[in-house]
Amino acid sequence: RTPQPCSRPASPEPEPVPEADSKKLPSPARATEADKEPQRLLVPDIQEIRVSPIVSKKGYLHFLEPHTAGWAKRFVVVRRPYAYLYNSDKDSVERFVLNLSTAQVEYSEDQQAMLKV
């Protein structure tokens, strides 16, 4: 094949199975599966996202928990374009990251009446 320019690294070609290794297969069913389709190696597409040092907003918000139907108090830090959720202001582990540039807010009057707010 002629190499084609692309921005992603291409997956390497699968290595052929040597004759000695193919004889070690325990069952004939596995041998026929190996003959039908060669082994494929997958390459992940990884994107590094650096955390912005500028904090736009931070504070506690109450979230409606889906499993308990109760409200949970979570600490939120907004560093554009992401919102980071923590269990408390002392928590060093990000429990959830929300991309604000792709987030959508849905509003329902039925839910508002159900929550009595």
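The values are calculated or read from the model by the stated rules, or taken from the named source; none is laboratory data. A quick note: this is a predicted structure, and the numbers were derived from the prediction, not measured. Cβ coordinates were reconstructed from backbone atoms using ideal geometry, including for glycine residues, and neighbour counts include every protein chain displayed. Just so you know, the surface numbers come from the protein's heavy atoms only, side chains and all, with ligands and any DNA or RNA stripped out. Shrake-Rupley method; radii C 1.70, N 1.55, O 1.52, S 1.80 Å.
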Next on the checklist: Of everything in the range 66-88, what is part of a loop (DSSP other than H, G, I, E, B) and either touching a residue at least 24 places away in the same chain (Cβ under 8 Å) or open to solvent by 90 Å² or more (accessible area, probe 1.4 Å) (or both)? Give them in sequence order.
Outcome noted: PRO66, HIS67, THR68, ARG80
Next on the checklist: Looking at the range 57-65, can you tell me whether even one residue there is assigned to a loop (DSSP other than H, G, I, E, B), open to solvent by 70 Å² or more (accessible area, probe 1.4 Å), at pLDDT 80 or above and at negative phi?
Outcome noted: no
Checklist outcome for this item: Scanning the range 42-56 residue by residue, those of a type in the set (A, V, I, L, M) and surrounded by fewer than 10 Cβ atoms within 10 Å (Cβ to Cβ) turn out to be LEU42, ILE46, ILE49, ILE54
